[in-house]
Every structure is written in C-alpha cells, then in structure tokens.
Amino acid sequence: MDAQHTTLLIIGGGPGGYVAAIRAAQLGIATTLVESDTLGGTCLNIGCIPSKALIHAADAYHQTRHFTGDSTLGIHVQSASIDVAQTVRWKDGIVARLTGGVSALLKKHGVKVVKGWARIVDGKTVDVTLAKPEAEPTRIQCEHLLLATGSVELGLPGMPFGGRVISSTQALSPASVPAKLVVVGAGYIGLELGIVYRKLGADVTVVEAQNSILPLYDDELVKPVAASLRRLGVQVHLGYKVQGINAAGDAVRVHDNAGRESELPADQVLVAIGRVPRTHGWGLEQLMLAMQGRALKVDDQCRTSMRNVWAIGDLTGEPMLAHRAMAQGEMVAEIIAGKRRHFAPNAIAAVCFTDPGSCHRWFVTQGMPRRPTWTAFRPTSPLPPTAAPRRPSPLMVSYAWWPGGQPLDCGLASSGRGRVRAEYGVFALAGGGATLEDVGGTIHAHPTLGEAVQEAALRALGHALHV
Ligand code: FAD
Ligand code: NAD
C-alpha cells in the first residue's frame with residue numbers, strides 16, 4: 001500500500017472541505033483533500049447551484065408563457081415551448097464551470113487532491129480506495145483530520161428511492177417533465193423544486209406532515225409563500241401522512257389529519273423530507289466520537305471529542321447551509337494555523353428561493369430569549385409592479401424581534417428575487433450587530449425593501465414617520 005503524510009487531511013470536497021483546504025494552503029499548511037466524487041460537493045453538483053439554475057430557467061419560461069396571452073405591457077409572443085434536455089445541459093454547463101473553478105483554485109494553492117473513497121483507520125490515519133481502476137489503495141497519515149462528509153437525503157420507510165420515487169438529485173436532471181408530480185415535504189427542497197416543476201408545466205401536489213409549509217419559518221413569513229403557491233396552482237395538503245405507493249404503482253396513498261385514506265395520482269414522487277449527516281460507510285465509528293442526535297458533536301471551534309479531529313458543515317447538523325459550512329471550514333484552517341477563532345456568528349441567514357414569496361430568516365446561534373417585540377406590516381410606499389402582467393402585485397411582510405434595540409431574529413418574505421437582493425444589505429447590517437436605531441437611521445435606496453425594513457425599525461421605536 002502506498003503511504004503519504006500531510007499536516008491537514010480533509011475528507012470531503014464540498015463547500016466546507018474545499019474552503020478549508022484553500023484557506024489552510026494559503027496559510028502555509030500542507031493539505032490533502034480526499035473526494036470520491038466531483039469537487040464542490042452537494043452544493044455545486046446536486047444542491048444550491050443546479051437548483052438555483054433550474055429556478056431561473058423555469059421562471060423565465062413561466063414568464064414567457066404569460067406573454068402568449070393578453071399583456072398590459074404590450075409584449076406578445078406567439079407561443080412558448082421549452083426543451084428540457086437543453087435546459088439540463090445548460091445547468092450542467094454551469095455546474096461544470098464552477099466545479100472546474102474549485103479544482104483550479106485548489107491546484108493554484110497547492111492543495112493535494114486525492115480522488116477516492118476515504119475510510120478512517122484511526123484519528124491520524126485514513127485509507128483511500130482510489131477512483132482509478134486497479135490503483136493500489138493509499139494510506140494517508142496526518143496531524144489534523146478534518147471531517148466534511150456532508151449529508152444524504154432521507155428516504156421514506158416503505159417508499160425507497162427508485163422508479164417513480166425520486167430525490168432532489170434526480171429532480172435536478174429531469175429527462176422530461178412529468179404530467180403529475182407529488183412532492184412529499186414542504187420544506188426548502190419541496191417548495192423550491194415543486195415550484196420549478198409547476199412552472200415547467202407539471203401538475204404539482206405537495207404533501208406535508210406538519211400543519212404548515214416551511215414549518216421552521218414564522219407564520220407571517222409563510223403566508224405570502226402559501227398565497228403564491230395557490231396562485232401558481234400548486235395543491236398543498238397539510239397534516240398528511242404518506243402511506244406508500246398504491247398497488248397499481250401510479251398514486252401515493254395518504255392519510256389526512258382525520259385519518260381518512262385517499263390516493264394522489266403521480267407520475268413521479270419527489271421525496272424531500274430532510275437530509276441526515278453522512279456518518280456511515282467510511283469508518284467514522286472507529287473513532288467513537290461524541291454525537292448530538294444524528295450529527296457529530298462539535299464545540300464552538302468545530303473540535304470533535306477527539307484531539308485534532310475536527311468536523312464541519314452538514315455532518316455537524318443544522319442549519320445545513322453551504323455558507324455555514326464554508327465559514328466553519330475557513331475558521332478551522334485558521335485555528336490550525338495558530339489564529340484565535342471561534343464560530344459564534346451573530347446570525348446565519350437562510351433564504352428559501354420560492355418565487356414570488358422569497359422567504360428569509362436568520363438562525364441566531366446564541367440562546368437568547370425570543371419574541372420580545374415584533375413588527376409585521378406591508379409597506380406603505382409603492383413598489384413598482386413586476387414585469388409579468390399576471391404576477392401578483394408586490395407583497396411584502398417584514399417581521400422582526402429586537403430586544404433592547406439589538407436585532408435578534410428577522411424574517412422577510414417578498415415578491416421578486418431582485419428586490420430580495422437589494423434588501424440583503426439591510427439584513428447584513430442588522431446581522432452585524434447594528435441596533436434598531438442604526439437600522440432605522442439608515443437611508444435606503446428607493447424603491448427597495450430596505451425602505452420597508454427601515455420603516456419597521458422606526459415603528460418599533462415608536463417613530464411612525466413613514467406610516
Ligand atoms: P457536502 O457539500 O455534502 O460535501 C461533502 C462531500 O464529501 C461530497 O462531495 C462527498 O462526495 C464527499 N464525501 C463524503 N464521504 C466521503 C468519503 N468517505 N470519501 C471521500 N469523499 C467523501 N444550501 C444553501 O446554503 N443554499 C442553497 O440554496 C441550498 N440549496 C440546496 C439545494 C438542494 C437540492 C440541496 C440538496 C441542498 C442545498 N443546500 C443549500 C445545502 C448545501 O448544499 C449543503 O449545506 C452544503 O453542500 C454542505 O456542505 P458540506 O461541505 O458540509 O457537505
Ligand atoms: P426540510 O427540513 O427543509 O423540509 C422537510 C419537510 O418535510 C419538513 O417540512 C417536514 O415537516 C416534512 N416532512 C418530514 N417527514 C415527512 C413525511 N413523512 N411526510 C410529509 N412531510 C414530511 O428538508 P429538505 O427540503 O429535504 O432540505 C434538506 C436540507 O437542505 C434543508 O434543511 C436545508 O438545510 C438544505 N437546503 C437549503 C436550501 C436553501 O438554503 N435555499 C435549499 C434546499 C435545501
């Protein structure tokens with residue numbers, strides 16, 4: 001067996017692992033990264049990037065279709081059609097460009113990338129079965145071991161993935177658009193991809209076990225998203241339990257909240273009921289590390305219970321977001337390089353890219369009390385209508401808690417991703433620890449949602465200036 005030695009060995013080349021590797025190499029640490037698949041992990045290959053690409057394409061098609069009818073804007077197109085295979089090729093091109101970019105960056109910084117499946121021997125030793133056929137396995141020894149193996153999709157018992165039952169990975173590369181799609185789970189993936197398929201022309205039915213869509217989000221934020229699903233014609237069933245596929249294999253059997261059974265016809269079923277840390281199949285159990293539920297337990301420096309074994313990203317549990325994994329990866333590299341760092345962000349923003357009705361919230365990491373005060377309102381200043389004539393008029397709800405002037409938790413739901421982007425600086429300001437007075441005292445560009453967030457702050461301060 002071939003043997004190598006490195007200072008830092010990283011298992012997993014997703015946003016957590018590759019950011020850690022680049023930062024470590026920049027800081028002069030000899031770094032090896034083991035990745036079994038294409039660099040970029042879930043985020044670049046089968047997650048954030050391909051899903052946002054399809055959201056963009058589906059929305060463009062949806063808007064174009066509106067212009068085949070009456071248009072108050074005076075825009076008319078004869079007919080609209082979509083070549084889904086070409087859309088998927090376009091999406092794959094974006095993914096390839098970005099994953100190629102990651103590969104180039106790792107090379108440029110001198111990170112040694114080993115393509116293969118890693119298996120832990122002990123806290124300082126990892127065996128890698130190389131991807132190259134007939135290649136000898138490699139043993140890599142290290143001083144620091146960073147675990148960044150990410151997460152995998154959760155399946156439904158009695159309804160395994162395969163055939164008509166697909167996960168987000170297959171849903172991101174459709175060969176064609178099914179006539180009828182049933183989506184199980186009204187969380188991030190179910191709503192983002194459910195809307196994509198609806199805009200591509202499928203009849204979409206969403207089944208959610210809880211009594212609300214996006215159950216993690218506050219009620220006020222969810223209302224405009226629910227309204228936009230209704231307008232799009234997406235059927236939503238709340239409080240339903242999925243029993244399995246019917247005998248004919250063409251419908252999903254469900255129980256409603258009163259226990260009545262019915263069938264929802266389905267050409268395809270997208271199961272999107274959450275993801276779980278990838279803790280099996282690579283010898284993690286050898287280390288007997290402390291766990292927190294199904295995730296690896298880490299402290300505020302991403303140290304596991306074993307010295308010099310670190311863990312970041314989805315493997316360490318919620319919130320399973322790419323930007324959290326990246327921030328943790330950068331921090332671990334800096335700690336190993338001797339810097340004093342802790343993972344204690346004021347907040348971690350999250351966006352569910354439904355549209356219209358983009359929904360935001362912050363996960364605040366410190367255990368502070370919630371709900372001292374809140375503000376929920378619609379803006380008084382007019383916002384320009386969106387381009388497509390049959391889109392709803394812009395609706396915005398801003399919602400915030402501010403104990404003693406310090407923003408604690410904020411949420412926002414809005415129509416139009418452009419406005420969301422314009423707004424984002426305001427959230428960054430508050431996330432950076434600005435007080436209510438700071439947010440209220442910032443003059444925002446018109447017409448953006450920044451104005452409305454300022455208005456919320458002024459209201460909470462009792463200055464009803466803009467009301
Ligand atoms: P991953 O990205 O999962 O990377 C782990 C890597 O480790 C993988 O490449 C895997 O092949 C490799 N690996 C695992 N085990 C081994 C082994 N034994 N040997 C070698 N290699 C191994 N987050 C957002 O912030 N915004 C979004 O818009 C967003 N959209 C998403 C959409 C979808 C459809 C999905 C599924 C997820 C989305 N996410 C989004 C979540 C985001 O993708 C993850 O939070 C993020 O990728 C986690 O990064 P990570 O580095 O922890 O793990
Ligand atoms: P999720 O946790 O967001 O949503 C899962 C939903 O399924 C929940 O509403 C849950 O109540 C429901 N559910 C669970 N079991 C069910 C059952 N048996 N029947 C019906 N409903 C059931 O999970 P997801 O949508 O699979 O996404 C996984 C993770 O990926 C997310 O937690 C998120 O961290 C990440 N992600 C993020 C983004 C983003 O940031 N925009 C986008 C996609 C995914």
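The values are calculated or read from the model by the stated rules, or taken from the named source; none is laboratory data. Nothing here was measured: the structure is a model prediction, and the numbers come from that model. As a convention, Cβ positions derive from the backbone with ideal geometry for all residues, glycine included, and neighbour counts pool all protein chains shown.
Summary of computed values
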| quantity | calculated |
| --- | --- |
| Test for T129: is it touching a residue at least 24 places away in the same chain (Cβ under 8 Å), under 30 Å from L289 (Cα atoms), hydroxyl-bearing (S, T, Y) and away from ligand 2 (no atom under 16 Å from the Cβ) | no |
| From the options I49, I94, I82, I75, residue that is hydrophobic (A, V, I, L, M, F, W, C) and modelled with pLDDT under 95 | I75 |
| Subset tally (residues that are farther than 11 Å from I49 by Cα, assigned to a helix (DSSP H, G or I) and of a type in the set (S, T, Y)) for region 71-100 | 1 |
| Hits in region 300-325 - residues which are more than 14 Å from ligand 1 (Cβ to nearest atom) and in contact with a strand residue (DSSP E or B) (Cβ under 7 Å, 6 or more places away or on another chain) | R303, T304, N308, V309 |
| Enumeration of residues in region 305-321 that are surrounded by 24 or more Cβ atoms within 10 Å (Cβ to Cβ) and touching a helix residue (DSSP H, G or I) at 6+ places or on another chain (Cβ under 7 Å) | W310, I312, G313, D314 |
| Identity of the residue in region 265-276, away from ligand 2 (no atom under 12 Å from the Cβ) and surrounded by fewer than 19 Cβ atoms within 10 Å (Cβ to Cβ), that ends up farthest from the chain's Cα centre (by Cα) | P265 |
| Top-ranked residue in region 328-351 [being within 18 Å of G12 (Cβ to Cβ) and touching a residue at least 60 places away in the same chain (Cβ under 8 Å); ranked as farthest from ligand 1 (Cβ to nearest atom)] | I336 |
| Subset of region 295-304 [more than 24 Å from Y188 (Cα to Cα) and either crowded, with 20+ Cβ neighbours inside 10 Å or in contact (Cβ under 8 Å) with a residue 60 or more places away in the chain (or both)] | V298, C302, T304 |
| Subset of region 227-238 [among the hydrophobic types (A, V, I, L, M, F, W, C), away from ligand 2 (no atom under 14 Å from the Cβ) and either assigned to a loop (DSSP other than H, G, I, E, B) or out of contact with any helix residue (DSSP H, G or I) (no Cβ under 9 Å at 6 or more places or on another chain) (or both)] | A227, V234 |
| Condition met for V252 (crowded, with 17+ Cβ neighbours inside 10 Å, modelled with pLDDT of 95 or more and under 19 Å from the mean Cα position of the chain (by Cα)) | no |
| Odd one out for A104 among (1) free of Cβ contacts under 8 Å to residues at least 12 places away in the same chain; (2) not assigned by TED's automatic domain parsing to the domain that holds A311 | (2) |
| Residues located in region 250-277, provided they are in a loop (DSSP other than H, G, I, E, B) and closer than 25 Å to P174 by Cα | D250, A266, D267, A272, I273, G274 |
| Matching residues in region 49-83 - criterion: being crowded, with 18+ Cβ neighbours inside 10 Å and in contact with a Pro (Cβ under 7 Å, 6 or more places away or on another chain) | H66 |
| Residue that is surrounded by the most Cβ atoms within 10 Å (Cβ to Cβ), among those in region 35-48 that are within 11 Å of ligand 2 (Cβ to nearest atom) and in a helix (DSSP H, G or I) | T42 |
| Condition check for G233: in contact with an Asp or Glu (Cβ under 9 Å, 6 or more places away or on another chain), exposed (fewer than 14 other Cβ atoms within 10 Å of the Cβ) and within 22 Å of K52 (Cα to Cα) | yes |
| Qualifying residues in region 2-34 (those that are assigned to a loop (DSSP other than H, G, I, E, B) and on the phi < 0 side of the Ramachandran plot) - the one nearest to the chain's Cα centre (by Cα) | G14 |
| Residues of region 1-54 satisfying the condition of being among the aliphatic types (A, V, I, L, M), closer than 17 Å to V152 by Cα and either in contact (Cβ under 8 Å) with a residue 60 or more places away in the chain or out of contact with any Gly (no Cβ under 9 Å at 6 or more places or on another chain) (or both) | I11, L39, I46 |
| Residue among T279, T354 that alone is more than 11 Å from ligand 2 (Cβ to nearest atom) and either surrounded by 18 or more Cβ atoms within 10 Å (Cβ to Cβ) or touching a residue at least 12 places away in the same chain (Cβ under 8 Å) (or both) | T279 |
| Enumeration of residues in region 207-226 that are within 9 Å of ligand 2 (Cβ to nearest atom) and β-branched (V, I, T) | V207, I213 |
| All positions within region 152-183 that are crowded, with 24+ Cβ neighbours inside 10 Å and within 10 Å of ligand 2 (Cβ to nearest atom) | V183 |
